Structures are given as structure tokens and as C-alpha cells.
Amino acid sequence: MRRRKIPRGWKGISYLLVLAVVYAFYHLIGGQFKTETKQLPQQPQQGDRVPCTVVKVYDGDTFKCRLQDGREVKVRLIGIDTPESKRNRKAKRDAEKSGKSLEEIVSLGKKSSAFTKKLIPPGTVVYLETDVQPYDKYGRLLAYVYLPDGRMLNEVLVEEGYATVYTIPPNVKYAERFVELQRKAMERKKGLWKEGM
């Protein structure tokens, strides 16, 4: 029995069609998986605030909290950065950049961490507001965090001199406010600025 020859043009088109179907299927399934695993159960629209109960504070700008559905998320404050409170690679890089010793960086980081722990001890209900990009490359939820009294934690840390402005686009909603608060904190030598942060 002779096999029918498939014209060359049809082989190429068939191959491309199979690739297109595989590509579409992969991205459809992948997109659904990412959406299901990455979204908050009450995914906030920009400006909405989702309640979350603090479980643990890691350092000045990172903590874990429990959402209303019982799921725990690691939160990284948007637009700010605090010194590292442990000896690690970032602390070493910060020491090299600033000309400070590793011990000085870690000491400043511990003070910043203690300030945050005082503001949001475990059990505190805070409110999370996301920006354009809700997660970072480490899977942490990026948020502006509101205290029970309505103040924004990100702003308080900058205003009191325990954090510096660290803006990464596209999350720039309050960047100008943070820059102004930092300028005032530096002028007044508040918090860690009086120690030469």
C-alpha cells in the first residue's frame, strides 16, 4: 500500500498549528493557575483596603499576616526600605555602598525592626492596599499598610526616620509623598538619621 505524500506546505502549517494549540493551552492553564494562587481572596481594587491580622514581624519593612479566610501572606511594604536587621548579603551590599560597617547596618536595622514591631505587634489588624504590581519576584504581597488609627505604616516609618524611600515602578502611587517625608525627616535628624543613616 502506497503512502500518500503530504505536500510540504501542509506539513509546515500543521506543525505551526500544533505549536499554536500547545502554546495557547499552556498559557491558558498557566494563567489560571497563577491567578488562583496569587490573588487575595478579596483581591482589592486600587484604593480598596483588605483587613489582615499580623502574625509575625520579620524586620522593619516585612511581616506576615492572616487574611480573613485564614490564609497567611508575607507582606513587603511598598515604596520604602529599612536597613537589614541580620547579617546577610543585602546587609553586606548596603555596608559597602554606605561606607558603614556591617555591624552598624545591622544595628540600624534592629532599631527599625523594633519600631515596626511596636507599631504592629502580633494580633494587630492592619489594612492592605495594593498598587499596580501586587507581588514581587519573591512572592511577597506588595502593599501600603494602614494602621488601626488610619495612618499608613509606610509613611510613618519614613516620617519618623526609620526607613528610606525605595520606589520601584510601576508601584509609584505615593512616591512623591514619601520623598517629601524623607526630606523633612533628614532635615530634622529624626530616627536613624541622627545616627547617620
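The values are calculated or read from the model by the stated rules, or taken from the named source; none is laboratory data. Everything numeric in this text was worked out from a predicted model, so none of it was measured. Reconstructed Cβ throughout: ideal geometry from the backbone, glycine too, with neighbour counts over all protein chains shown.
Here are the numbers for this structure:
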| quantity | calculated |
| --- | --- |
| Selected residue (criterion: farthest from Thr130 (Cα to Cα)) from residues of the range 73-95 that are outside any helix (DSSP H, G or I) and of a type in the set (Gly, Ala, Ser) | Ser85 |
| Residue list for the range 96-114, restricted to those being outside any helix (DSSP H, G or I) and surrounded by 15 or more Cβ atoms within 10 Å (Cβ to Cβ) | Lys100 |
| Filtered residue count, the range 46-62, keeping only those that are in a strand (DSSP E or B) and either touching a helix residue (DSSP H, G or I) at 6+ places or on another chain (Cβ under 7 Å) or farther than 17 Å from Tyr166 by Cα (or both) | 10 |
| Unmet requirement for Gly150, which otherwise passes all of (1) part of a loop (DSSP other than H, G, I, E, B); (2) in contact (Cβ under 8 Å) with a residue 12 or more places away in the chain | (2) |
| Residue count for the range 92-112, restricted to those that are in contact with a helix residue (DSSP H, G or I) (Cβ under 8 Å, 6 or more places away or on another chain) and within 26 Å of Tyr174 (Cα to Cα) | 6 |
| Residue check, Val132 under 15 Å from the mean Cα position of the chain (by Cα) and either farther than 24 Å from Ser101 by Cα or in a helix (DSSP H, G or I) (or both) | yes |
| Residues satisfying the stated conditions in the range 67-84, i.e. free of Cβ contacts under 8 Å to residues at least 60 places away in the same chain, closer than 16 Å to Tyr127 by Cβ and surrounded by 17 or more Cβ atoms within 10 Å (Cβ to Cβ) | Leu67 |
| Residue in the range 115-125 that is out of contact with any helix residue (DSSP H, G or I) (no Cβ under 9 Å at 6 or more places or on another chain), assigned to a loop (DSSP other than H, G, I, E, B) and under 17 Å from Pro169 (Cα atoms) present | no |
| Residue within the range 57-73 that is touching a Gly at 6+ places or on another chain (Cβ under 8 Å), assigned by TED's automatic domain parsing to the domain that holds Tyr146 and at pLDDT 85 or above present | yes |
| Residues within the range 174-197 that are buried (at least 18 other Cβ atoms within 10 Å of the Cβ) and farther than 18 Å from Gly60 by Cβ, tallied | 0 |
| Matching residues, the range 135-154, being within 16 Å of the chain's Cα centre (by Cα), surrounded by fewer than 21 Cβ atoms within 10 Å (Cβ to Cβ) and not hydrophobic (A, V, I, L, M, F, W, C) | Tyr135, Asp136, Lys137, Tyr138, Gly139, Arg140, Tyr146 |
| Sole exception among (1) in a loop (DSSP other than H, G, I, E, B); (2) of a type in the set (Gly, Ala, Ser); (3) touching a residue at least 40 places away in the same chain (Cβ under 8 Å) for Gly161, by number | (3) |
